[in-house]
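The structure under discussion appears below in the form of structure tokens.
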Amino acid sequence: MGINGEPDSRIIAAADECEQLLLKAASPKFNWIFADISWVSPEGISLNMRRLVLRGNDIAEHLQGCFGAAFLCATLGEGADRLLRKLQNEDMAKAVIADSMASAAIEQVCDEAEEKIRERFRGKFMTWRFSPGYGDFPLETQGDFLAAVNASRTVGVNLTDGGLLTPTKSVTAVIGISDKPINAARKGCGSCLMKKRCNFRKTGGHCGEKFK
């Protein structure tokens with residue numbers, strides 16, 4: 001929440017309340033699929049899924065040297081959205097706290113999903129999560145991405161007419177899988193010795209941003 005120093009007792013009490021409300025309201029889910037990378041061309045990265053072509057220099061750089069990629073969709077569910085809307089109408093301070101917690105919570109869901117992917121590809125090397133909208137990776141990819149993961153049926157995530165994910169506390173991401181070690185700017189947090197005490201992760205980021 002950007003608080004400098006120790007929060008006062010009122011904020012701690014509100015945070016405790018918001019945590020319990022969010023834990024009760026959220027229904028975290030994730031689904032992922034794997035796709036081989038077929039070829040790379042000026043038109044984009046083609047996969048063994050005809051519906052999905054990844055365009056943009058940044059995603060091409062991110063997947064350099066990878067033989068395939070995992071496509072992940074995770075969400076806290078509609079209940080978390082309803083809670084946030086309710087708090088916005090009743091108490092904006094609690095709404096800010098709950099929203100911050102929900103942002104941290106969806107990252108935890110993604111971390112859990114990434115561990116499942118890591119187990120599936122034990123002995124391989126993984127990049128960090130790269131989402132549509134990062135760099136020049138088009139946000140318009142979301143529609144095809146959700147269709148490929150069958151997100152509407154499996155986790156209840158859809159796309160609004162404006163191109164936004166709903167429920168709002170949802171994430172889509174691409175994780176590259178390689179036979180060879182990946183440099184620090186693209187390596188996944190799960191393999192990092194600093195993951196439990198990383199200042200980047202505390203703010204929802206990653207050190208890959210530092211190196212770009």
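A few notes on this one:
- Of GLU6, GLU114, the order by accessible heavy-atom surface (1.4 Å probe, DNA, RNA and ligands excluded), from most exposed downward, is GLU6, GLU114.
- Theoretical gain in end-to-end length, ARG55 to GLU119 [0.36 nm per residue, Cα-Cα removed]: 20.2 nm
- Neighbour cut-off at most 15 other Cβ (10 Å), DSSP loop, GluC sites (Glu not before Pro), segment 14-68: GLU43
- Percent accessible area from carbon and sulfur atoms, segment 17-150, protein chains only, probe 1.4 Å: 49 percent
- Accessible area ranking (1.4 Å probe, heavy atoms, ligands and nucleic acids excluded), largest first, for PHE121, PHE34: PHE34, PHE121.
- Taken per residue, the accessible surface of segment 46-146 reaches 48 Å², heavy atoms only and a 1.4 Å probe.
- Extension gain for GLU17 to GLU90 (0.36 nm times residue separation, less C-alpha to C-alpha distance): 24.9 nm.
The values are calculated or read from the model by the stated rules, or taken from the named source; none is laboratory data. Bear in mind that the values here come from a model prediction, so they are computed numbers and not experimental data. FYI the Cβ positions are ideal-geometry reconstructions off the backbone, even for glycines, and counts take in every protein chain you see. Note: areas computed on protein heavy atoms with side chains; ligands, DNA, RNA excluded. Shrake-Rupley method; radii C 1.70, N 1.55, O 1.52, S 1.80 Å.
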